[in-house]
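Trainee: Questions regarding the structure given below will be posed in turn.
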Amino acid sequence: MGKRLAEYIWIDGYQPTPHLRSKTMVLPADEEPPIWGFDGSSTLQAEGNASDCVLRPVLTVADPIRGSDSQENILVMCEVLNTDLTPHASNMRHACQMLSEQYADQETWFGLEQEYTLFCGSRPLGWPSHGFPAPQGGYYCGVGADEVHGRKLVEHHLEMCLKAGLSITGVNAEVMPAQWEFQIGPLGAPQVADELWIARWLLYRCGEDIRYGPEGIGVSATLDPKPVPGDWNGAGCHTNVSTNKMRESYEECIAAVEALRERHEVHVQGYGEGVERRLTGQHETANYKQFSAGVSDRGASIRIPWQVEKNKCGYLEDRRPNANCDPYVVTRLLIETICGHGS
Ligand code: ADP
Ligand code: MN
Ligand code: MN
Ligand code: MN
């Protein structure tokens, strides 16, 4: 009997920003991944004297790293449960799923723009070992070894996401050198967030294998919202959102903006550690202390894309979420506010 390898991936209990963890199960080739467990005392999810936590598979995709040609190796995104199978306190997916089901009739879609910064050792990849690169300007969507750093990893990650069957729709170099973005969606919640967490795992995993510099150090991606202080762009996770009514009516889009205005503080608090370091009012952000919205406005909390105003229907871009946000929390808050207003 052949074997298959299942890489179980989950989110740990670190605060304020949880990390990804994973471990491998060897399965008979014809078996689906079962419920599994782990030592929660090593991930801030349990005490040592009652350390067991439960992993329940929520999304299984082909494993593009180990390959799925000769044997069906898989990546298994999991949610964490207590041993009585209730959701663990660190499990943000459960509430997202409940709310999404409650408002299923509104058919919410999300498109997530994940920005990240590549580091080699303690410096952003390709930055000089002393001092700084030339000021921002030529790097966004740039080409050439003097403009962008790390494309080998970016291309490899894109290929891996496609092989895994994720809904990745694009990648681009960002405003700060060594900063990049990929987009996932549009999809419903919590599936869009399941896919984003797998795509993040693939990014970290691919970085282990691509080596730069004379010492051949691996490349680490960070989701730090402001990896370099000063006159350098932060990293966000712009979240594009629509309901079926918004996809047909501009009034519904504007009603959603007004509902978001009412709950600005609640959203900002759930949008990732260090949001106030990034949402300064500079570098294409609106200050976190004040809500704003505008057509084509990249200095606003909410941007209404120009085609949406022109077509009088579509979606909104919430520019506030940090790169290090939990997409289960962000999509849950957006459903709560946009689908729940008036009810
Ligand atoms: P930006 O101009 O902000 O860089 P991107 O092209 O990076 O925009 O991302 C736009 C995102 O909007 C994509 O992830 C796409 O999936 C998403 N999107 C497009 N239409 C919708 C929609 N109707 N509802 C939700 N998201 C959408
Ligand atoms: Mn983008
Ligand atoms: Mn971007
Ligand atoms: Mn954007």
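The values are calculated or read from the model by the stated rules, or taken from the named source; none is laboratory data. Model, not experiment: these values are computed from the prediction. Cβ coordinates were reconstructed from backbone atoms using ideal geometry, including for glycine residues, and neighbour counts include every protein chain displayed.
Trainee: Residue check: is ASN240 modelled with pLDDT of 95 or more, part of a loop (DSSP other than H, G, I, E, B), among the polar types (S, T, N, Q) and within 12 Å of ligand 1 (Cβ to nearest atom)?
Mentor: On the way: modelled with pLDDT of 95 or more: yes; part of a loop (DSSP other than H, G, I, E, B): no; among the polar types (S, T, N, Q): yes; within 12 Å of ligand 1 (Cβ to nearest atom): yes.
No: the conditions fail for ASN240.
Trainee: On the basis of being among the β-branched types (Val, Ile, Thr), in a loop (DSSP other than H, G, I, E, B) and touching a residue at least 12 places away in the same chain (Cβ under 8 Å), does THR24 make the cut?
Mentor: The answer is no for THR24.
Trainee: If you check ARG332 against the conditions, is it in the same structural domain as ARG247 (by TED's automatic domain parsing) and crowded, with 21+ Cβ neighbours inside 10 Å? Break it down stepwise before answering.
Mentor: Values: in the same structural domain as ARG247 (by TED's automatic domain parsing): yes; crowded, with 21+ Cβ neighbours inside 10 Å: yes.
When the stated conditions are applied, ARG332 passes them.
Quick grid of which residues meet (1) part of a strand (DSSP E or B); (2) aliphatic (A, V, I, L, M):
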{"position": "GLU31", "(1), (2)": "no, no"}
{"position": "GLY37", "(1), (2)": "yes, no"}
{"position": "ALA46", "(1), (2)": "no, yes"}
{"position": "ASN49", "(1), (2)": "no, no"}
{"position": "CYS53", "(1), (2)": "yes, no"}
{"position": "LEU59", "(1), (2)": "yes, yes"}
{"position": "GLY67", "(1), (2)": "no, no"}
{"position": "GLN71", "(1), (2)": "no, no"}
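Trainee: Do the conditions hold for GLU101, that is, is it in a helix (DSSP H, G or I) and under 30 Å from ASN244 (Cβ atoms)? Working first, answer last.
Mentor: On the way: in a helix (DSSP H, G or I): yes; under 30 Å from ASN244 (Cβ atoms): yes.
In short, yes.
Trainee: So, of the residues in the stretch 328-343 that are outside any loop (DSSP other than H, G, I, E, B) and either of a type in the set (Ser, Thr, Tyr) or within 15 Å of ligand 2 (Cβ to nearest atom) (or both), which turns out to be farthest from GLU113 (Cα to Cα)? Lay out the reasoning, then the answer.
Mentor: Let us first name the residues in the stretch 328-343 that are outside any loop (DSSP other than H, G, I, E, B), namely 328-340.
Next, from what is left, pick out any that are either of a type in the set (Ser, Thr, Tyr) or within 15 Å of ligand 2 (Cβ to nearest atom) (or both): 328, 331, 337.
Values: TYR328: 14, THR331: 13, THR337: 20 Å.
Residue satisfying both the conditions and the ranking: THR337.
Trainee: In the stretch 6-26, what residues are surrounded by fewer than 18 Cβ atoms within 10 Å (Cβ to Cβ) and either over 19 Å from TRP197 (Cα atoms) or among the aliphatic types (A, V, I, L, M) (or both)?
Mentor: LEU20, MET25, VAL26
Trainee: Testing CYS96 on (1) closer than 20 Å to GLY272 by Cα; (2) outside any helix (DSSP H, G or I), one condition comes back false. Which one is that?
Mentor: Of the numbered conditions (1) closer than 20 Å to GLY272 by Cα; (2) outside any helix (DSSP H, G or I), the odd one out for CYS96 is (2).
Trainee: Do we have VAL175 as within 14 Å of ligand 2 (Cβ to nearest atom) and outside any loop (DSSP other than H, G, I, E, B) here?
Mentor: So VAL175 does not fit the description; no.
Trainee: For residues that are buried (at least 21 other Cβ atoms within 10 Å of the Cβ) and among the acidic types (Asp, Glu), tally how many sit in the stretch 68-125.
Mentor: 3
Trainee: Still on this model: Yes or no: GLN183 under 12 Å from the mean Cα position of the chain (by Cα) and either surrounded by 24 or more Cβ atoms within 10 Å (Cβ to Cβ) or within 15 Å of ligand 1 (Cβ to nearest atom) (or both)? Before the answer, list the steps.
Mentor: Details: under 12 Å from the mean Cα position of the chain (by Cα): yes; either surrounded by 24 or more Cβ atoms within 10 Å (Cβ to Cβ) or within 15 Å of ligand 1 (Cβ to nearest atom) (or both): yes.
So GLN183 passes the test.
Trainee: Tell me the residue from PRO229, PRO225 that is within 23 Å of the chain's Cα centre (by Cα) and surrounded by fewer than 19 Cβ atoms within 10 Å (Cβ to Cβ), please. Spell out the reasoning first.
Mentor: Working: PRO225 fails: surrounded by fewer than 19 Cβ atoms within 10 Å (Cβ to Cβ).
Among PRO229, PRO225, only PRO229 is within 23 Å of the chain's Cα centre (by Cα) and surrounded by fewer than 19 Cβ atoms within 10 Å (Cβ to Cβ).
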